[in-house]
Amino acid sequence: QVQLVESGGGLVQAGGSLRLSCAASGRFFSNYAMGWFRQAPGKEREFVAAISWSGGNTYYADSVKGRATISRDNAKNTVYLQMNSLKPEDTAVYYCASASRSSRLWEVGAYRDWGQGTQVTVSS
C-alpha cells in the first residue's frame, strides 16, 4: 500500500498557474503508474492526467491537454502536476492516486490508493 499526500493547491486567478505535488510513502513507488484526478462539487471524479512507472508515457484528459504537464521524480517519491492557463472550470479538489494496473489509466478503477486531495480554486 502507498500513502499519498497532495500539496500545492490554492486560489489563483484565471490564466494563472499552479504546481501540485504528491508525496508518496512506501518502498515501491517507482513500480506504479500514477494519476491525477479532480472532483468538483456535485460532479463525479474525473481523470486529469497519468504517468507510467518510468515516466516515459503520459496521458491527459482532453480538457487539460496542452495546459497540464504530469511528471515524476522516483528518487523523491513524488509526482507533480503543472497546470497553466487555469480556467474557472478547473476549480475542484485534485487527487493523486497510485495505479494497480498499467492499462486504461483514465479509469478510477485503475487505482488502488488515493490521497486526501488538495483544493484548487480559479477565480474569474
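The values are calculated or read from the model by the stated rules, or taken from the named source; none is laboratory data. Just so you know, these numbers come straight off a predicted model, no measurement behind them. Cβ: placed from backbone, ideal geometry, glycine included. Neighbour counts: every protein chain shown. When the accessible area is computed, the model is the full protein with side chains, heavy atoms only, and any ligands, DNA or RNA have been set aside. Shrake-Rupley method; radii C 1.70, N 1.55, O 1.52, S 1.80 Å.
The set of residues in the stretch 35-45 being touching a Lys or Arg at 6+ places or on another chain (Cβ under 6 Å) and not aromatic (F, W, Y) consists of Q39 alone. Of the residues examined, F28 is not one that is touching a residue at least 24 places away in the same chain (Cβ under 8 Å) and surrounded by 14 or more Cβ atoms within 10 Å (Cβ to Cβ). Cβ-Cβ contacts under 9 Å between residues 6 or more apart (or on different chains), taken from a first residue in the stretch 103-119 that is without any contact (Cβ under 8 Å) to a residue 24 or more places away in the chain to a second residue that is among the basic types (K, R) and not in a strand (DSSP E or B), are listed as G109/R101. With respect to Y80, is the statement that it is out of contact with any His (no Cβ under 7 Å at 6 or more places or on another chain), aromatic (F, W, Y) and closer than 17 Å to G115 by Cα true? Yes. Look at S30 and say whether it is in contact with a helix residue (DSSP H, G or I) (Cβ under 8 Å, 6 or more places away or on another chain) and of a type in the set (S, T, Y). So S30 fails the test. Look at (1) without any contact (Cβ under 8 Å) to a residue 12 or more places away in the chain; (2) under 13 Å from the mean Cα position of the chain (by Cα) and you find that E6 fails only one, number (1). The set of residues in the stretch 64-83 being assigned to a loop (DSSP other than H, G, I, E, B), of a type outside the set (A, V, I, L, M, F, W, C), open to solvent by less than 60 Å² (accessible area, probe 1.4 Å) and farther than 13 Å from E6 by Cα consists of R67, N74. Of the strands (runs of 3 or more DSSP E) contained entirely in the stretch 9-54, those carrying at least 1 residues that are closer than 20 Å to S98 by Cβ fall at 18-25, 34-39, 46-51. Take the residues in the stretch 85-124 that are charged (D, E, K, R) and part of a strand (DSSP E or B); name whichever of them is nearest to S7 (Cα to Cα). Here the residue is D113.
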